[in-house]
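Worksheet: the structure to be examined is printed underneath.
The values are calculated or read from the model by the stated rules, or taken from the named source; none is laboratory data. Here the structure is a predicted model, which means the values were calculated and not measured. The accessibility values were calculated without ligands, DNA or RNA, using every heavy atom of the protein model including side chains. Shrake-Rupley method; radii C 1.70, N 1.55, O 1.52, S 1.80 Å.
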Amino acid sequence: MANTVTSTQIEAVLHGSSFQDKKMGEKTTVVCCTLPNGFEIAESSACVDPANYDHAIGVKICLDRIKNRVWQLEGYLLQSKLSAGSKWQTLQD
């Protein structure tokens, strides 16, 4: 088993995910990502002045945060597998 998470793995997870975005109020963007296993990640971004609100920028900020969260989750999963060894198989059964 490789001891690293790769950008290819992260992109595969994100490619298999579904996304919903919504403007909330006057200046907030919320994005919900449903990962291939059904786990959901929600992120938000906002500006101070509603006149500066740009939905596309808000979505990009949220997507960047979601991608970072996927890196963390995949790293945690890999660390669990590596540290548990055969114990991981028992947890999976």
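Tabulated results
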quantity	calculated
In the stretch 1-27, residue nearest to Tyr76 (Cα to Cα) [restricted to those that are open to solvent by 40 Å² or more (accessible area, probe 1.4 Å), β-branched (Val, Ile, Thr) and at pLDDT 95 or above]	Thr6
Selection status of Leu73, among the aliphatic types (A, V, I, L, M) and modelled with pLDDT under 95	no
Qualifying residue in the stretch 43-61 (condition: in a strand (DSSP E or B) and either on the phi > 0 side of the Ramachandran plot or of a type in the set (Val, Ile, Thr) (or both))	no
Scan of the stretch 48-71 for residues that are over 21 Å from the mean Cα position of the chain (by Cα) and among the aliphatic types (A, V, I, L, M), ordered by number	Val48, Ala51
